[in-house]
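> Take this structure, written in structure tokens, and hold onto it; I'll ask about it next.
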2 protein chains.
Amino acid sequence: MKQHGFLAVLVILLGSGCTSRAEVDLASDRAALRDAVESYHDAASNKDAQSVVSMYDDEAIMIPPNADRVEGIEGVRNYRFGFIETAGVELQFETMRMKIAAGGDMAWTLAVGEVSFQQPDGEAGSDRVRDFHVWRKQDDGSWKVLVDIWNSEFPAR
Amino acid sequence: MKQHGFLAVLVILLGSGCTSRAEVDLASDRAALRDAVESYHDAASNKDAQSVVSMYDDEAIMIPPNADRVEGIEGVRNYRFGFIETAGVELQFETMRMKIAAGGDMAWTLAVGEVSFQQPDGEAGSDRVRDFHVWRKQDDGSWKVLVDIWNSEFPAR
């Protein structure tokens with residue numbers, strides 16, 4: 001009986017240890033992902049290209065509409081982000097969805113960006129961009145963008 | 001000693017049991033995901049709308065370029081897929097990337113679709129579509145599309 005009791009306690013301890021560790025990790029994963037999303041949106045709104053680039057994974061893939069696919073962090077560094085290159089851009093993101101895989105290694109987010117800018121003829125223009133990210137958790141527990149694909153809600157011009 | 005030995009065996013069994021189960025699951029997850037991707041591409045190439053719709057999760061989100069976001073399986077059912085609605089469409093997909101989360105609950109795939117079709121004036125047209133899917137594993141072990149976002153590589157017309 002005594003041995004059984006000891007084993008039962010051991011099994012319960014192992015079991016509960018696993019469960020609570022997973023719960024704590026997911027909560028901190030979620031907090032870290034929220035931070036990463038906010039940092040990305042702030043950097044983009046502030047047209048801070050260096051900070052935006054630093055949010056991408058070394059193996060990142062970008063899939064801009066009507067343009068070639070961009071692969072790897074070097075490609076991201078050389079990419080001319082529209083929100084930086086276009087004159088007079090104002091950009092405000094809202095995060096619509098956020099989902100983390102059970103193992104805490106993969107996540108995705110969907111954000112909608114309201115964009116206003118100056119058209120070549122000087123007229124005010126606007127766009128609504130759906131920016132979809134897959135995030136990969138890094139060794140230090142932070143999250144970086146592994147896949148970035150977006151498109152516009154507005155009719156093609 | 002005898003008790004310690006028994007405990008050691010128990011701990012090893014618990015440990016190895018967890019590991020090998022995870023390995024087996026991921027291999028079968030991968031096979032199931034490959035099947036799902038192939039089924040989706042076959043259904044799309046065959047313009048089999050019913051089969052395509054059956055590949056989406058009940059909570060699916062579709063984000064078509066230059067159009068409103070589609071939410072939920074009812075929205076997907078009512079969506080007019082371009083490869084079905086457009087005259088004379090031929091569609092051939094190639095899967096470029098496939099990644100499953102460690103826990104086997106979430107995955108993503110990137111496919112490129114080469115599209116040829118008949119333009120309204122009767123001329124032959126073509127497009128190259130990057131179709132990005134997030135997949136959610138279902139209770140029966142199969143995978144369904146939870147997020148579907150795409151855009152064209154070609155310049156906006």
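The values are calculated or read from the model by the stated rules, or taken from the named source; none is laboratory data. In this text, all values refer to a predicted model and were calculated from it rather than measured experimentally. In this analysis, Cβ positions are derived from the backbone assuming ideal geometry, glycine residues included, and neighbour counts consider all displayed protein chains. Just so you know, the surface numbers come from the protein's heavy atoms only, side chains and all, with ligands and any DNA or RNA stripped out. Shrake-Rupley method; radii C 1.70, N 1.55, O 1.52, S 1.80 Å.
> Counting other Cβ atoms within 10 Å, which trypsin sites (Lys or Arg not before Pro) in region A:38-129 have at most 14 and lie in a DSSP loop?
Here the sparse-neighbourhood loop sites are A:Arg80.
> Using the Karplus curve 6.51 cos²θ - 1.76 cosθ + 1.60 with θ = phi - 60°, work out ³J(HN,Hα) for each residue of region A:116-132 in order, rounded to whole Hz, and write x for Gly and Pro.
10, 7, 9, 6, x, 7, x, 5, 6, x, 9, 8, 10, 10, 9, 10, 10
> Taking R0 as 30 Å, what's the FRET efficiency between B:Asp42 and B:Glu74 from their Cβ-Cβ distance, rounded to 0.05?
Efficiency, rounded to the nearest 0.05: 0.80.
> Follow-up question, since we're still on this one. Using the 7 Å Cα-to-Cβ label point, sort the distances from A:Gln118 to its equivalents in the other copies shortest first and give them in nm to one decimal.
With the label placed 7 Å along Cα→Cβ, A:Gln118 yields 4.8 nm.
> May I pose another question? List the distances, in nm to one decimal, from the label point of A:Glu71 to the label points of the same position in every other copy, shortest first, placing each label point 7 Å from Cα along the Cα-to-Cβ direction.
Those separations, rounded to one decimal, come out as 3.6 nm.
> For B:Gln138, what residues show an amide H to amide H distance below 5 Å, using hydrogens built from the backbone and excluding near sequence neighbours?
Those qualifying (amide H under 5 Å, at least 5 residues apart or on another chain) are B:Trp143, B:Lys144.
> Give the nm distances, rounded to one decimal, from A:Ser28 to the matching residue in every other copy, measuring between label points 7 Å along Cα toward the beta carbon; shortest first.
3.3
> Could you state the principal axis extents of the C-alpha atoms in region A:41-157, from the largest down, to the nearest angstrom?
49, 29, 25
> For region A:76-93, just list the computed ³J(HN,Hα) in residue order, Karplus coefficients 6.51, -1.76 and 1.60, θ = phi - 60°, integers in Hz, with x standing in for Gly and Pro.
The phi angles translate into 5, 4, 8, 6, 8, 4, x, 6, 9, 7, 7, 5, x, 6, 10, 9, 10, 9 Hz.
> Another question, then. At a probe of 1.4 Å, how much accessible area disappears from chains A and B on forming the pair, both sides counted, to the nearest 100 Å²?
3400 Å²
> Along the charge dipole of region A:26-102, which of A:Ala44, A:Met96, A:Ser54 sits closest to the positive end, that is, farthest toward it, with unit charges on the beta carbon of Lys, Arg, Asp and Glu (+1, +1, -1, -1)?
Looking along the dipole axis, the top candidate is A:Met96.
> Ignoring ligands, DNA and RNA, what percent of the 1.4 Å accessible area of region A:14-134 is carbon and sulfur?
Heavy-atom surface of region A:14-134 belonging to carbon and sulfur, 1.4 Å probe: 46 percent.
> Take the Cα of A:Asn66, step 7 Å along the line toward its Cβ, and report every residue of region B:115-156 whose backbone nitrogen sits under 12 Å from that point.
Correct set: B:152-156.
> Regarding region A:40-82, what whole-number volume in Å³ per residue does the convex hull of its Cα atoms give?
Here the figure is 69 Å³ per residue.
> Would you pull out the residues with amide H under 5 Å of A:Phe154's amide H, same chain only if 5 or more places away, H placed 1.01 Å from N?
A:Arg128, B:Asn66
> Residue by residue, what Karplus-based ³J(HN,Hα) values in Hz, rounded to whole numbers, does region B:36-45 have, using 6.51, -1.76 and 1.60 with θ = phi - 60° and x for Gly and Pro?
Using θ = phi - 60°, the values come out as 5, 4, 5, 4, 4, 5, 4, 4, 5, 4 Hz.
> Please give the FRET efficiency for B:Ala31 paired with B:Val53, using the beta carbon to beta carbon distance and R0 = 22 Å, rounded to the nearest 0.05.
0.40
> How much accessible surface does A:Glu71 have with a 1.4 Å probe, in Å² rounded to 10?
80 Å²
> Then there is this: Please list B:Ile84, B:Ile61 from largest to smallest accessible area, probe radius 1.4 Å, with all protein chains kept in place.
Correct descending sequence by accessible area is B:Ile84, B:Ile61.
> Only protein chains counted, 1.4 angstrom probe. Which residues of region A:128-151 are at least 40 Å² less accessible in the assembly than when their chain is isolated?
At a threshold of 40 Å² (probe 1.4 Å), the residues of region A:128-151 that become less exposed are A:Arg130, A:Phe132, A:Ile149, A:Asn151.
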